[in-house]
Amino acid sequence: MAISERSRILQAAIKAKRAGNSIAALEHFKSLEEQGERWVRSEIGYIYEHGGEGLQRDYSEAFRWYQKALIEDRDEWALVSLARMYVLGRGVSQDYKLARGLYAEAAERGNSVAQFQYAGLLFDGLGGERNREGAIACYEKAARAKNFFAMMVLAAYERSRGRYIKCYALRIEALVIFIAAYVFDRGSPRIRNM
């Protein structure tokens, strides 16, 4: 398949996904996967997990694709997605300990969504001991990567400590990031896998 053909299929997949046409997006992503584009496996899992117009959610199929992406590709989004499934008990038994381990691995790789989610598990003591200092450190890492939610949590933390200037500086920066994401992604802030 020529590079331009792959590009055309990818653009069609993205367009279909944004339009909510999960069936078309799934067909396009599967076509790319069959042509050796292994990175789309997490996208395929995501579509099965969330369903959409004309496509029912299928947690078993989502889990299978995420697991394939993790085992064969060590895909960091597969780590995040599997962890989310274990936290929410989607198609699997709820298991905070396993989710915590998956988020920790993705967080170590620098994934800001994983850092944010891992921080929440640490803070609440889900899946292991409570570690508020470790949680704050994870929120800070995610905030340095411009994770909107981590910035808002840290802003609240700074406010609770009486550090109002830092609180409002974080809130303003987070708001700018949110607006920029909204404008540059044509009305759809990229808040994937939360």
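Take Asp73: with every protein chain present and a 1.4 Å probe, its accessible area is about 50 Å².
Which FRET efficiency, nearest 0.05, do Ile23 and Glu72 yield, Cβ-Cβ r, R0 25 Å? Could the numbers behind the result be given before it?
Details: r = 25 Å, r/R0 = 1.00.
Calculated value: 0.50.
Per-residue Karplus couplings for the stretch 10-21, computed as 6.51 cos²θ - 1.76 cosθ + 1.60 with θ equal to phi - 60°, are listed in order as 4, 4, 5, 5, 5, 4, 5, 5, 5, 7, x, 8 Hz, Gly and Pro entered as x.
Per-atom-type breakdown for the chain gives carbon and sulfur 53% of the accessible area (1.4 Å probe, protein chains only).
Each principal axis of the Cα atoms in the stretch 1-41 has its own extent, and those three values, largest first, are 26, 19, 13 angstrom.
The charge dipole of the stretch 57-194, taken about the Cα centre with unit charges on the Cβ atoms of Lys, Arg (+1) and Asp, Glu (-1), comes to about 460 debye, rounded to the nearest 20. Working from the Cα coordinates of the stretch 1-69, the gyration tensor eigenvalues give, after taking √(5λ), semi-axes of 20, 15, 7 Å in decreasing order. For Leu55, nonlocal amide neighbours, meaning residues 5 or more places apart or on other chains whose placed amide H falls under 5 Å from its own, do not occur.
A 1.4 Å probe run over the protein chains yields, for the chain, 55 Å² of accessible area per residue, whole-number rounding.
Taking label positions 7 Å along the Cα-Cβ direction at both Val183 and Arg38, the computed distance is 3.9 nm, reported to one decimal.
Using a probe of 1.4 Å, the accessible surface attributed to Lys15 totals some 150 Å² when neighbouring protein chains are kept in position. Counting every pair of alpha carbons in the chain, the share spaced more than 29 Å apart comes to 31 percent. When only Cα pairs below 8 angstrom with a gap of at least 6 residues are kept, the chain shows a relative contact order of 10 percent. Globularity index of the stretch 57-131 is 1.03 (Cα radius of gyration / 2.2 N^0.38 Å, N = number of residues). At q = 0.24, 0.25 Å⁻¹, what base-10 log of I(q)/I(0) does the Debye formula yield for the stretch 89-128 when every alpha carbon is treated as an equal point scatterer in vacuo? Here the Debye-derived log intensity ratios amount to -0.73, -0.78.
Measuring between alpha carbons in the structure, the pairs from Lys15/Lys146; Lys97/Lys141; Lys141/Lys166; Lys17/Lys68; Lys146/Lys166; Lys97/Lys146 lying more than 24 angstrom apart are Lys15/Lys146; Lys97/Lys146. Dividing the summed -39500 (n - 2.57) terms of all DSSP H runs of n ≥ 4 by the residue count of the chain sets its mean residue ellipticity at 222 nm at -23500 deg cm²/dmol. For the chain, leaving out every one of the GluC sites (Glu not before Pro) that falls in a DSSP loop and has at most 12 other Cβ atoms within 10 Å, the longest unbroken run is 54-128.
The values are calculated or read from the model by the stated rules, or taken from the named source; none is laboratory data. Because the structure is predicted, anything quoted here is derived from the model rather than measured. Neighbour counts run over all protein chains shown; Cβ positions are idealised from the backbone, glycine included. With ligands, DNA and RNA removed, areas are computed over all heavy atoms of the protein, side chains included. Shrake-Rupley method; radii C 1.70, N 1.55, O 1.52, S 1.80 Å.
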